[in-house]
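The values are calculated or read from the model by the stated rules, or taken from the named source; none is laboratory data. Computed from a predicted structure; not experimentally measured. Glycine gets a Cβ as well: all are built from the backbone with ideal geometry, and neighbour counts include every protein chain shown.
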Amino acid sequence: MTLLPARSPVPEHPYHRLDGRVMLQVKRAEDAPLADVSPLDSGIVFCGSKAAEDLRALTSGHGFSGPVLIDPAAYERYVATPERPFIVGQASLFNDDELAEELDRLLKQKSLMAMTPTGYLRAGDTRSLSAAVHRVTGLNRSDVLLTVPIDAGWLTGTAFPDLVSLLRRAPVPKAVILGASWDPLDRAGAAGRLRELFESVPECGLLRTDLAALDAMVHGADFAAIGDSPSARHARPPGPRGGGARARSSPALLIPRMLTYRRGEEFATVLAEADPPRCPCDFCAPWMRRRGLRDDGRPLTSFTTELEKAEAHAHNLAVWSALWSWVQNVDSRSQGLSKWKRICDRAVKEHRLLNELARSAGGGFEIPQALKTWAGLV
Ligand SMILES: [Zn+2]
């Protein structure tokens with residue numbers, strides 16, 4: 001008989017707290033359904049200019065106990081260069097390592113891990129990415145998350161193998177963020193390459209995204225975050241912003257069976273003549289009951305104005321949380337993959353079905369490029 005030594009308590013590594021979680025990424029806390037985020041299996045990533053303040057309000061006011069990250073989002077303002085892959089402010093007189101000081105500041109502000117203030121990595125800029133990996137390796141810290149804000153052109157360009165091999169070499173966890181002026185996965189081949197990345201790179205997650213979070217998770221990502229508003233669902237290349245960056249009045253609504261976001265007003269207009277699809281999610285069902293209305297879900301054509309923005313965000317969170325909870329409730333990875341594929345197949349069919357219902361010339365719903373890849377059509 002052997003006597004095993006009493007197990008000494010091992011301090012939990014902060015990275016393990018992110019494992020398996022799909023979190024909510026928030027740029028403007030005012031419209032975000034923060035109180036609906038589950039501290040048990042989700043979390044929050046703040047990326048706005050008031051991120052530290054928002055985190056403080058959340059953890060003190062509501063007492064949120066789940067993981068919270070601050071994404072310093074330096075990539076919104078600066079492009080990375082081989083000389084300056086990380087963008088940091090002025091160091092104090094007492095610390096000549098500006099980067100270390102910035103990372104310490106994020107931890108002091110109670111971010112679970114310190115996300116690096118990486119500049120925007122232009123497509124194929126292997127020198128800047130290599131400099132970032134080299135620098136973060138030299139820090140020799142276990143509380144750092146390497147932010148990897150890549151232009152979507154990396155995925156479809158010839159430098160993709162370099163991206164994978166550099167990230168495989170980084171001995172710290174990594175948070176990939178996709179950048180593009182529009183949908184980063186709109187180009188043919190991009191969604192397939194993103195899968196390849198998560199299948200090949202260990203200790204890696206996908207932040208600031210849409211339903212691509214779920215595809216990444218079933219293909220090997222450790223964690224992900226879905227943005228609550230369009231500006232928190234991908235990065236944009238730094239540069240002067242046109243007038244189009246301003247929020248439009250109609251909220252972006254996640255259409256559950258389509259797996260895509262649509263402007264509420266656009267969706268309602270296209271389906272004006274049809275019996276509208278209804279949503280029985282954890283937000284919409286009680287919303288109907290409170291008004292004494294029929295119990296089969298809220299019409300998805302009823303989120304058309306600025307006034308419904310916070311409600312749309314709460315519905316979006318309820319829908320993807322339920323989706324993720326259903327997809328991950330499996331015994332094996334292959335089961336999870338086939339469940340996800342089934343939902344994507346159904347979403348393709350839903351696009352066709354709603355297009356028939358709409359019967360409007362040219363006003364139909366186009367199947368997004370990424371969904372075609374997830375459903376195995378391309
Ligand atoms: Zn709903």
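So which residues in segment 327-357 are touching a helix residue (DSSP H, G or I) at 6+ places or on another chain (Cβ under 7 Å) and over 21 Å from Val378 (Cα atoms), if there are any at all?
Of everything in segment 327-357, those that are touching a helix residue (DSSP H, G or I) at 6+ places or on another chain (Cβ under 7 Å) and over 21 Å from Val378 (Cα atoms) turn out to be Val327, Gln328, Val330.
Taking the condition modelled with pLDDT under 95, closer than 23 Å to Pro173 by Cα and surrounded by fewer than 20 Cβ atoms within 10 Å (Cβ to Cβ), does Pro5 pass?
When the stated conditions are applied, Pro5 does not pass them.
Say we look at segment 352-370 and pick out the residues that are assigned to a helix (DSSP H, G or I) and modelled with pLDDT of 95 or more; which of these is farthest from the chain's Cα centre (by Cα)?
Gln369
Identify, please: which residue in segment 288-323 is more than 21 Å from Ala35 (Cβ to Cβ) and within 11 Å of the ligand (Cβ to nearest atom) and is, among those, surrounded by the most Cβ atoms within 10 Å (Cβ to Cβ)?
Selected residue: Leu300.
Please determine whether any residue of segment 95-113 is farther than 21 Å from Arg141 by Cα and out of contact with any strand residue (DSSP E or B) (no Cβ under 8 Å at 6 or more places or on another chain).
Scanning segment 95-113 turns up no residue that is farther than 21 Å from Arg141 by Cα and out of contact with any strand residue (DSSP E or B) (no Cβ under 8 Å at 6 or more places or on another chain).
Given the criterion of a type in the set (Gly, Ala, Ser) and under 21 Å from the mean Cα position of the chain (by Cα), identify the matching residue among Ala159, Ala170, Ala190.
Ala190
Which members of segment 269-287 meet the condition of being within 13 Å of the ligand (Cβ to nearest atom) and closer than 14 Å to Arg257 by Cβ?
Hits for segment 269-287 are Pro276, Pro277, Arg278, Cys279, Pro280, Cys281, Cys284.
Return the pairs, sorted by first residue and then second, in which the second residue is within 13 Å of the ligand (Cβ to nearest atom) and modelled with pLDDT under 95, the first residue lies in segment 279-299 and is within 15 Å of Ala322 (Cα to Cα) and in a helix (DSSP H, G or I), the beta carbons are less than 6 Å apart, and the residues are 6+ apart or on different chains.
Final answer for the pair search is Cys284/Gly297.
Only one of these conditions is not met by Thr373: (1) surrounded by fewer than 18 Cβ atoms within 10 Å (Cβ to Cβ); (2) at pLDDT 95 or above. Which number is it?
(1)
In the set Ser200, Ser231, which member is surrounded by fewer than 24 Cβ atoms within 10 Å (Cβ to Cβ), among the polar types (S, T, N, Q) and modelled with pLDDT under 95?
The match here is Ser231.
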